[in-house]
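Here's the structure, in structure tokens; my notes come after.
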Amino acid sequence: MADPDLTTLALMAVAAFSAGWIDAVVGGGGLIQLPALLLGFPGATPAQLLATNKFGSIFGTATSSLTYVRRVRPDLRTALPMAGVAFLGALGGALIGLHIPKSAFNPIILVMLVVVGGYTVARPRMGHETALRFDGHKHTIVAMLTGFCIGVYDGALGPGTGSFMVFALVGLMGYAFLEASAKAKIANFATNLGALVIFIPGGHVMWKVGALMAAMNLAGGYTGARTAVARGSAFVRVVFIVVLVAFIVRIGGSVLGLWS
């Protein structure tokens, strides 16, 4: 593949920074970054797009994870087991992702976004405070099952993983949005790593583009995590809903053929 021009590189840089910021606050940065890659590199294979997206994203998730651990101090007794099985799920998901056609990306993601967005809007008090629904070992088991299922999705497709993880931790397990974001970032780092274990040996990463997106995603992730910690769960919830609506409009329009 020929080296990208300056306009394409500028698009990738802006998309990666924005994705890193959004991913750190509520997740879902891949819903900006992957479409940007699709637009900038129409001749790339699905595996190249997924791999380069993951390579850029892992630097942002690593940075935001560390920021959350230092400032929010999430319970690692839950976060680490969830991240471990999410890693395993992403390994299997990446193998699936090698065989998913581009045409299937948007319809699958759109359905998931509509379900998540509708449930969040219908329950306005959800995620303001932590009120856990499971105790002891059951709590850990539910977290691990959640991590594994979303890990498979992240390895196979990826966009929206952080948002779906936040939603599961808030809606299913009863966490406040800020603490859910902290745990989701740790698990999301693990899923990115799992997918790259498959993609890198296969030679699917576009390294020059990936390096640029990694640097910008890192900057966005650091900025976004600090913003979320400073503003709290109410701010995170508002951003979560706004991002979901924007993604539903953008992806829904693509599915219906309103725009490319």
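Please treat every number below as a calculation from the coordinates, not as lab data. These figures come from a predicted structure and were not determined experimentally. A quick note on method: Cβ atoms are made from the backbone with ideal geometry, for glycine too, and the neighbour counts reach across all protein chains shown.
Does anyone have the angle between helix 177-199 and the longest principal axis of the chain? Alpha-carbon axes, 0 to 90°, nearest 10?
40
Below 13 angstrom from the Cβ of TYR68, what's the summed charge of the other residues (Lys, Arg +1; Asp, Glu -1)?
Once positives and negatives cancel, what remains is +3.
Only Cα pairs within less than 10 Å get springs; with that Gaussian network setup on the chain, which residue of THR61, THR161, THR130 has the largest fluctuation?
Top of the fluctuation ranking is THR130.
Helix-only estimate, please: 222 nm mean residue ellipticity of the chain, summing -39500 (n - 2.57) across DSSP H runs of length 4 or more and dividing by its residues, to the nearest 500.
Rounded to the nearest 500, it is -26000 deg cm²/dmol.
Using the count of nearby Cβ atoms within 10 Å as a rough guide to exposure, how do LEU258, LEU6, LEU37 rank from fewest to most?
By the 10 Å Cβ count, ascending: LEU6, LEU258, LEU37.
Which listed residue (THR7, THR191, ILE251) has the Cα farthest towards the positive end of the charge dipole for the chain, taking +1 on Lys and Arg C-beta and -1 on Asp and Glu C-beta about the Cα centre?
With unit charges placed on the Cβ atoms, the residue in question is THR191.
Less than 14 Å Cβ to Cβ from ASN192, Lys/Arg counted +1 and Asp/Glu -1: what total charge do the surrounding residues give?
Net local charge, ASN192 excluded: 0.
Kindly write out, for the range 245-255 in residue order, the coupling ³J(HN,Hα) from the Karplus curve 6.51 cos²θ - 1.76 cosθ + 1.60 (θ = phi - 60°), rounded to whole Hz, with x marking Gly and Pro.
4, 4, 5, 4, 5, 5, 6, x, x, 5, 5
Taking the chain, how many lysine pairs are there with alpha carbons less than 28 Å apart, if each pair must be eight or more places apart or span two chains?
The number of close lysine pairs in the chain is 9.
What angle, in degrees between 0 and 90 and rounded to the nearest 10, separates the Cα long axis of helix 30-40 from the longest principal axis of the Cα atoms of the chain?
0
Taking neighbour counts of Cβ atoms within 10 Å as a proxy for exposure, in what order, fewest first, do TRP21, TRP207 appear?
Arranged by neighbour count, lowest to highest, TRP21, TRP207 become TRP207, TRP21.
Order of ILE96, ILE248, ILE198 from fewest to most other C-beta atoms within 10 Å?
Result, fewest neighbours first: ILE96, ILE248, ILE198.
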